[in-house]
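Asks: My questions all concern the structure below.
The values are calculated or read from the model by the stated rules, or taken from the named source; none is laboratory data. What you see is a predicted model; the values in this text were computed from it and never measured. Cβ atoms come from the backbone with ideal geometry, glycine included; neighbour counts cover every protein chain shown. In case anyone asks, the SASA skips ligands and DNA or RNA and just uses the protein heavy atoms, side chains included. Shrake-Rupley method; radii C 1.70, N 1.55, O 1.52, S 1.80 Å.
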Amino acid sequence: MRAGDYLALAFRSLRRSRLRSGLTISAIVVGATGLTIMLTFVTSVKSYVVNQFVSTGQNRQILVAQNSNLFYNASGDSGPGPAPVAAPAPAAGSPDGGSSQGSGAGQGGAASTTVTLAADLEAKIAAIPHVTGVAAVFDRGFGQIAYLAYGAKQLQANNLQGYEPDGVINPTLVAGRDLRASDASGVVLLTQDYADALGFTNAYAKLVGQTLVLHTTNGYTGVGATLPNVLPPQNDCGRQGQGPGQRPSPGCFSGPLSGLPSVDIPAQIVGVVASSFNHQTVYLPLSWMIGLQDQAQPKDIQYASQFRINGGNAPRPGQPGQPNQQGQPSQPNQQGQPGQPNQQGQPGQPNQGGGFGQPGPGPQGPGTVVGGWTRPDPAQVIADAGGYNSFLVTVDKTNQVATVAATIDRLGVNTATGLHELNNQKSKANVVGAILGGLGLIALFIAALGVMNTMVMSVLERTREIGVMRALGARRSTIRRLFTFEAASLGFFGGLFGVLIGYAFVLAAKPVISHSVTSGKLAGANFSVSLWLVVLVVGLTTAIGLASGLLPARRAARLDPVEALRYE
Amino acid sequence: MARTSLPYPVPDVSVTDLTVKADRPIAVELTNVTRKYQLGDEQFYALKGVTLSIGTGEFVAVMGPSGSGKSTLANIIGGLDRANEGEVVVDGDPLARMSDAELSRFRNEKVGFVFQAFNLKADSTALENVMLPLVFARMRPNERKARAAECLERVGLGQRLNRLSSQLSGGERQRVAIARALAMRPSLIIADEPTGNLDSARGEEVIAMLADLNHDGMTLLMITHDLGIGRRAQRIVEVLDGAVHDGART
């Protein structure tokens, strides 16, 4: 018999018992629909994760830090521990904030690590073969920035990250552009949630080019401040606070420089980036960030009355109003928040951190700056902070990542790789896929029993017809194939309709899944039923139908033609 | 002999001479054929040492009471059933040594079956029913259509090719069955009580049609209860308790 004849005969007999065929197919449709939806969801999420990693180059990135408990892409506000390594790339790829232990975790331990992340180490890493770039990341709180202002809106300043825009970090831009090497100062990237807070939800492009004001606290002497020769009278927070019913004025702190006014520093928003990991973060060029954070110091101050302070010898970290924040990016709100008293300006503790000697309680007269101001050397700032927080190393080939990471490990620092994280994410998705797919398979197995039952009934019903076909010259193999083909057709149509219904379901559910359920995190995931999935599901159901038909078909083929012809 | 119990006269033949000689080229030759069934502990012989020859182009009527083994004889000759012992040679083919595939091919190419109950596919047209053996023979679709139409034309159903067989009358259905038996141009037609489900007028048409085919040279083996029909055969072979009693040629 020709293949086309098998087809025609099988369809004819399926058509003959429409209801039964329809019911049997329905059972397969249920299983195939479930399988399609589940597999589509899992593969879409997986490919989205992979795409994120690949498109941002994270699969070729190695995060280097001193921290032995290093996480790749750990969120900046995730841990209270000292110097958790925040992912410097604003574009964090994995949607669920996964935390895989890096390859360097557990090696040696942080306590024994004495290597600092400094320029010499950066150079060493850059010299390793296959390394295409090393970006140093310096992560600090807002410090002297009291709040962000956009028009009349004021936003809490949470997290400030500086990085060298050398092309290593490619944030997932929602709008605008990344920082460039030519961006020395005056430009920032905002995370999406900041933009949302400013009322630019889903209109991020409109925010690009707008000016954001970084409003400093009083006494600010960083970049953009006017540095006078005569210091205005310092704040008198302590005295104010001691009066009955009096509260310290917001942001009040005292110290020699506290009389200096706050400054509004304009910054152009050049881009908005996804905020999947680092929430409420402002990204800015590293050198500018250091300039904003690390204040100019007067060489010497001469007070009209009794005090003479040698400012040049003062230990920097203890400056009044100068938050000692290095290495504590996880507590970015400690200082400089509008409406909150500054740590160092608390009543009863005036001049607590004074590095300028002890001016003592009571109002100070105006001081004169002697010998001008010195601005800290960024390199010194970094050195004082104990080095960079992390390096982000880019490797030319994915298959070299592990080797390079091992080489960096031998330099005495710890590493975590994006590839490792990616594989982690992928295997997570695979596990979910296996579970969901397993459920679909169970449904299909039950449907297979239905097919078997249908075919057994069909053979019984058509016993006489089988006898006639045998008399007319059909071989056993012809009969067997005919029934197997029929069963496979049930599976095929079940699978086909199942995929169609599943596809329709995916189309209908796409907006819901993409936006509501995952709160926009998977908005970029491409939820579509891929061709291989169609082939897989239809092929699987066809194979299941075929397998279910084998036994009944064998029975049909083994019928004695004489007996079959006599069957009533 | 139990022959006296038959409702019709049976020509007297010697009990010892059970070998039937045909006076023309042999189409069917059975030698010592036994077909037995195991029923529990007992063996039941449907055919017991049957030896029979049928010449090419002969019209043989097989008669005998129900359960005598007529159908078993026909099925063995037609390759639907296998003998337990003895030789069966049809048109030169030794059926006993054939595989299932070979036997199926033999049935397809050399034998046309006509059944009492017509055994047509009810949901198929007359044309499709006639095409079925051609389908098994892997004939090209165009060719098989033409052939089936030609066969239906021959049985006078040229106007009803596309009628569903369920919409045809009994006589018409049996004519479709005859057309189907003819489709592969077999050398032997085995008709098992082809008029059993028809009234006498329709039955007469069918017999006339089969006789006509025989006249054209086709060997015809017809099982019948009807002596009137048996008389139109050239020879009556009587089967009784699994044994064959060859009748005289008419």
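Asks: For the stretch B:125-142: of the residues being within 13 Å of chain A (Cβ to nearest Cβ) and over 19 Å from A:A474 (Cβ atoms), which is surrounded by the fewest Cβ atoms within 10 Å (Cβ to Cβ)?
Replies: It comes out as B:N142.
Asks: Could you pull out the residue among B:I229, B:I190, B:I207 that is among the β-branched types (V, I, T) and within 23 Å of B:D93 (Cβ to Cβ)?
Replies: Unique residue meeting the criteria: B:I190.
Asks: Return yes or no: is A:R470 open to solvent by 10 Å² or more (accessible area, probe 1.4 Å) and either within 14 Å of another protein chain (Cβ to nearest Cβ) or assigned to a loop (DSSP other than H, G, I, E, B) (or both)?
Replies: Here the answer is no, as A:R470 does not meet what is asked.
Asks: Here is a further query. So, of the residues in the stretch A:14-38 that are buried (at least 20 other Cβ atoms within 10 Å of the Cβ) and hydroxyl-bearing (S, T, Y), which turns out to be farthest from the other protein chains (Cβ to nearest Cβ)?
Replies: A:T36
Asks: Would you pick out the residues in the stretch A:450-464 that are assigned to a helix (DSSP H, G or I) and either in contact with a Leu (Cβ under 9 Å, 6 or more places away or on another chain) or crowded, with 20+ Cβ neighbours inside 10 Å (or both)?
Replies: Scanning the stretch A:450-464 gives A:G450, A:V451, A:M452, A:T454, A:M455, A:V456, A:S458, A:V459, A:T463, A:R464.
Asks: Restricting attention to the stretch B:209-232, which residues are among the aliphatic types (A, V, I, L, M) and touching a helix residue (DSSP H, G or I) at 6+ places or on another chain (Cβ under 9 Å)?
Replies: B:M209, B:L210, B:A211, B:L213, B:M218, B:L220, B:L221, B:M222, B:I223, B:I229
Asks: Determine if the stretch A:404-418 includes at least one residue that is modelled with pLDDT under 80 and touching a Ser or Thr at 6+ places or on another chain (Cβ under 9 Å).
Replies: yes
For every residue, the table says whether it meets (1) within 14 Å of chain A (Cβ to nearest Cβ); (2) open to solvent by less than 40 Å² (accessible area, probe 1.4 Å); (3) over 13 Å from the mean Cα position of the chain (by Cα); (4) more than 26 Å from B:I26 (Cα to Cα).
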residue: B:A148; (1), (2), (3), (4): yes, yes, yes, yes
residue: B:R154; (1), (2), (3), (4): no, no, yes, yes
residue: B:G158; (1), (2), (3), (4): no, yes, yes, yes
residue: B:E172; (1), (2), (3), (4): no, yes, yes, yes
residue: B:A183; (1), (2), (3), (4): yes, yes, yes, no
residue: B:G203; (1), (2), (3), (4): no, yes, yes, yes
residue: B:I207; (1), (2), (3), (4): no, yes, no, no
residue: B:I229; (1), (2), (3), (4): no, yes, yes, no
residue: B:I236; (1), (2), (3), (4): no, yes, yes, no
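Asks: Going residue by residue through the stretch B:128-147, is there one that turns out to be within 28 Å of A:R18 (Cα to Cα) and among the small types (G, A, S)?
Replies: No, the stretch B:128-147 contains no residue that is within 28 Å of A:R18 (Cα to Cα) and among the small types (G, A, S).
Asks: Of all residues in the stretch B:75-98 being within 10 Å of another protein chain (Cβ to nearest Cβ) and in a helix (DSSP H, G or I), which is least open to solvent (accessible area, probe 1.4 Å)?
Replies: By that ranking, first place goes to B:I76.
Asks: Can you work out which of the residues in the stretch A:115-129 that are open to solvent by less than 40 Å² (accessible area, probe 1.4 Å) and in a loop (DSSP other than H, G, I, E, B) is farthest from A:A385 (Cα to Cα)?
Replies: A:I128
Asks: From the residues in the stretch B:99-116 that are facing chain A (nearest Cβ under 8 Å), open to solvent by 30 Å² or more (accessible area, probe 1.4 Å) and of a type outside the set (A, V, I, L, M, F, W, C), which one is farthest from B:L221 (Cα to Cα)?
Replies: Filtering first and then ranking leaves B:D100.
Asks: Here is a further query. Hey, can you tell me all the residues within the stretch A:414-448 that are open to solvent by 30 Å² or more (accessible area, probe 1.4 Å) and either more than 21 Å from A:Y48 (Cβ to Cβ) or not in a helix (DSSP H, G or I) (or both)?
Replies: The answer is A:L439, A:L441, A:I442, A:A443, A:F445, A:I446.
Asks: While we're looking at this one, here's another question. Tally time: how many residues in the stretch B:171-205 are more than 19 Å from A:L565 (Cα to Cα) and in contact (Cβ under 8 Å) with a residue 60 or more places away in the chain?
Replies: Total meeting the criteria: 6.
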